[in-house]
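Input: a single structure, listed below in C-alpha cells.
The values are calculated or read from the model by the stated rules, or taken from the named source; none is laboratory data. Because the structure is predicted, anything quoted here is derived from the model rather than measured. Cβ atoms come from the backbone with ideal geometry, glycine included; neighbour counts cover every protein chain shown. These area figures cover heavy atoms from the full protein model, side chains too; ligands, DNA and RNA do not enter into them. Shrake-Rupley method; radii C 1.70, N 1.55, O 1.52, S 1.80 Å.
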Amino acid sequence: MSLRDYSLYLMETLKCWSSLHEYIVVFLFLTTISKACEAPSSPECFRRKTEEFVYWCEWSMMNTTESNVTFDLYINSNIKRKNIKETSTLINGEDVKIIYDTVDILVKAHVGNSSCTSTGTSVVLGHTVKYEAPKDISMSWLKNNLSLSWAAAEKKHPASAEILFRRDARPTESWGKITKNTTSETSIYHVIVENLLKDSDYQVKIRQRSTQAPNPLWSDWSPVVIVPAELEQKPEVTMMQRLLNGTRAVTLTWKPMPHAVTYSLNDTQSSSGCPCKKKRDLIHTTTYTTYVSYSAVSISVIGANAAGKSSPAILQVPAEPAADLQICDKTLLDEDLDKKTCLEWYELQDGDSRPENVMTLTSRKRKRQRKHIEMNMKDYVRYLYYEHRCDGGKPKTVQMCLFYQKEGVPLKEPQDFIVFSETHTSANLSWKAIPSVDQQGFLTHYSLCSVNISSQDEPKECHNISASVMRYRLENLTPAAKYNISLVGVTRVGEGPAATVTIDVLPEKLGNVWWSLSLLFLFFLLTTMCTCILKRIKNKIFSPVPTPVIPDFIPYQPESQDLIERKEEVHELTLHPLHPEGKSVPKDAEETAVLVRQWDDCMDEDVENERGDSGGPSEECSSPGSTEEALRSRGGEMTDLEQVDNEIAMLIYRNGLVFDVQTEDSL
C-alpha cells in the first residue's frame, strides 16, 4: 500500500473517532508525512536505438523542492541502482538478464528519514525505443510548403514525426498538428508541411518516435523554432568605386530585407590577404567596403535567414580602362613568383573581359597552373594581362597590357565601309573596326588605296591611316571619274582582306563656271569703282599739280650773237582793282586790254605753229622786245588805272613755266 492510499484509509477511520482532539493529532501527523515524501512518477525504461544494448530509465518528481532526494531503481523487486541523485539512470544490457521478457520496474524515493515508492510498470526492455528530441532543425520554403530537416535518430530507418505549428504573429492561436513519416537521406530526416503561407513567420516544434520498435515511445518535444518568411526578392544593391593607386575601394550599400538576418558577399578576388583568391564574408549590416584590383571582378550579395537564402544580386565590376594600353611582348609566366604576386590573363572576346574567361597563376599552385595556362592559351587571341601584388592586405595592380602569344594577319576586312558626301573633287569614307576576335594581332594601321579606273594615266595612290581613325576624306579627285577604293587592316605580320567600294565622282557643274566668271567680273567692277572713288577722294583732299606745257625743242640758230646771250626776263605785272560803278573806263585801259589780247593771240599762234611743224613763230609775236617796249611805253600811264572793271589775265613767264593767274572776281 502506498503512502497516499494509507493516508486516505486513516482519514476514513477518523470518522469513527469520537474525540475531536484525537482527530486533530492524526491530521497533523498525516500532513507531516505528506510533506516529507512524494512518490515519483512511474519510470520509463528504453533504449535510444533499436540496435543498442544500453537502456535508459527516466521518471519525474512533480512538486518536490528538496535537493537531498535520492532514488533506488528496482527491476523485478531486485535493486539495480542505489542512491541515484538524478531523475534518470543508465543500465547496461549485461545487468538485465532477461531483455525480451516482461519485467516490473519501480522507483523508491528517500527524503530524510522518510521514503516513498512509485507505481510499478511492466515492460519488455528489448521492445521499447525512445528517440531523443529533434535537434539542429533546418527549414526552407518550397512555394507554400515548408520543408523541415534534422539529424536522423537512426540512419537506416525512418521515423514517425509529429509537428505542431502556428503563425508567430498570433501566439494565442491554437496549434496545427500533422503526423507523418519522415524520409531519410544521408542521415537527415525530412518532412514537408503543406499549404502554409510562405510570406508569414511560423512557430514550429517537433517530436519523433521509431517505426521499427514494437513499443515505440514519443521523444520529448524539440524547442520551439521560428520559421521566417521566404526571401522572395534579391537585395537592391548600389555600388560606388574609388581609385586608390592601383586598388579600387568598392562600397556596397543595400536596403534592409524583411526577415533577413545575415548577408553573404562573394567576390572573385580577396580583399584580405593575397589577391586572385575567392572570398566570402558574412555581414550583419547593410553596407560593406571591399578592395579589388584593376581587373574585372564579379561580386554577389545574398540575403539569408533560417528559412533559406534570397536570389543573389550580382554586380559586375568591369576592368578599369587604361588611357594608353601598351603592348607587352613578355610576361612573368616563366619566372618564379613570390607569395604576394598573382598573374591573370583575360581572354578578350569583342572587348569582353568577364571573370569566367580568365587564367590565373599564383605561387601556391605554380606548376599545375603554369601547365594549364601553357596548354590552354590560344594563338591569335588577344589577352588582357594583369600583374597584381598584395600591398597592405589589399590587391594592387602594378602592370596591365595587351598580349598575344602568336600574331597573324586579320581574318576579316574593315566593317561597313561606305562613301558619303561626295563632291566633284572629294569624298568622305567611314568604316567600323575589325572585331578584335578577327584581328589576330595588334592592328598597326589601315592602308587606303584609290585607283582611277576611268583613266590609265593616273597611278595608284595609297595612304596609311591610324588604327584608331574610322573616317577619312579623300581629296584631289578628278571630276566625273570613276575610282575603285580599297581598305585593309595591317598587323605586324601583314595585311588582311580588303573592303572595297566604287566611287563615281560628280561632274563639275556649268553653274559653277558661271559663278566663277560672275565673281571675277564682280571683283574687277568693285576694283574699278574703288579706284575711281579713291581718286576722287584724293583730288578733294590733295589739289592736283598742273602739268607744264613744254613744247618740242627745235634747234634754232639766231641771226645775231646778241640773241644767244640774251636771257629770259620776268616782268612783274600789277593788278589794279576794278573801276567803281558809274565811272567810265579810261581809254588807255582799253588799249591795255587790247594789248593783252594780242599777246594771247600771238601765244596761241606759236603753239599751233609748233604742233604743225610750220616755220618759227610770227614776227609780230616772236620778239620779246616788242612786248617789253609796249609795256614801257605805257608804264607811265599804268598808275592811273587803279579802278579797272574788266578782268585782266596775265601770263607770267618764269623759268619756262606758264601760270594762269585769275583774280577773285573771275572765280
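If you take the residues in segment 147-188 that are out of contact with any Ser or Thr (no Cβ under 8 Å at 6 or more places or on another chain) and part of a strand (DSSP E or B), which one is most open to solvent (accessible area, probe 1.4 Å)?
Taking the candidates together, the pick is K177.
Assess whether F417 counts as being within 30 Å of L348 (Cα to Cα), touching a Phe, Trp or Tyr at 6+ places or on another chain (Cβ under 6 Å) and open to solvent by less than 40 Å² (accessible area, probe 1.4 Å).
Numbers: within 30 Å of L348 (Cα to Cα): yes; touching a Phe, Trp or Tyr at 6+ places or on another chain (Cβ under 6 Å): yes; open to solvent by less than 40 Å² (accessible area, probe 1.4 Å): yes.
When the stated conditions are applied, F417 passes them.
Go through segment 311-339 and give me each residue that's over 25 Å from Q241 (Cα atoms) and in a loop (DSSP other than H, G, I, E, B). Spell out how you get there, then give the answer.
Of all residues in segment 311-339, those over 25 Å from Q241 (Cα atoms) come to 327-339.
Correct list: C328, D329, K330, T331, L332, L333, D334, E335, D336, L337, D338, K339.
May I ask you to verify whether P395 is more than 21 Å from A433 (Cα to Cα) and open to solvent by 30 Å² or more (accessible area, probe 1.4 Å)?
Values: more than 21 Å from A433 (Cα to Cα): yes; open to solvent by 30 Å² or more (accessible area, probe 1.4 Å): no.
Here the answer is no, as P395 does not meet what is asked.
Tell me which of these V96 doesn't satisfy, since it passes every other one: (1) closer than 30 Å to K155 by Cα; (2) at pLDDT 85 or above; (3) among the aliphatic types (A, V, I, L, M); (4) surrounded by 15 or more Cβ atoms within 10 Å (Cβ to Cβ).
Exception for V96: condition (2).
Of everything in segment 466-509, what is among the charged types (D, E, K, R) and within 33 Å of the chain's Cα centre (by Cα)? Give them in sequence order. Full working, then the answer.
Narrowing segment 466-509 to residues among the charged types (D, E, K, R): 471, 473, 475, 482, 492, 495, 504, 508-509.
Residues satisfying the conditions are R471, R473, R492.
Regarding L429, is this residue under 30 Å from R473 (Cβ atoms) and not aromatic (F, W, Y)? Steps first, please.
Working: under 30 Å from R473 (Cβ atoms): yes; not aromatic (F, W, Y): yes.
Criteria met by L429.
For segment 365-392, how many residues are assigned to a helix (DSSP H, G or I) and either open to solvent by 80 Å² or more (accessible area, probe 1.4 Å) or modelled with pLDDT of 85 or more (or both)? Step through it out loud before you land on a result.
Restricting attention to segment 365-392, the residues satisfying the condition of being assigned to a helix (DSSP H, G or I) are 366-376.
Narrowing further to those that are either open to solvent by 80 Å² or more (accessible area, probe 1.4 Å) or modelled with pLDDT of 85 or more (or both): 367-368, 371-376.
Adding up the residues that qualify gives 8.
All but one of (1) in a loop (DSSP other than H, G, I, E, B); (2) open to solvent by less than 50 Å² (accessible area, probe 1.4 Å); (3) closer than 23 Å to T423 by Cβ hold for G441; which doesn't?
The failed condition is (3).
Need a quick list: strands (runs of 3 or more DSSP E) entirely within segment 205-265 having at least 1 residues that are touching a residue at least 24 places away in the same chain (Cβ under 8 Å), buried (at least 19 other Cβ atoms within 10 Å of the Cβ) and out of contact with any Lys or Arg (no Cβ under 9 Å at 6 or more places or on another chain). Show your work before the answer.
Working: elements: 215-217, 225-227, 237-243, 248-254.
Because the criterion is at least 1 residues that are touching a residue at least 24 places away in the same chain (Cβ under 8 Å), buried (at least 19 other Cβ atoms within 10 Å of the Cβ) and out of contact with any Lys or Arg (no Cβ under 9 Å at 6 or more places or on another chain), the strands (runs of 3 or more DSSP E) in segment 205-265 that meet it are 225-227, 248-254.
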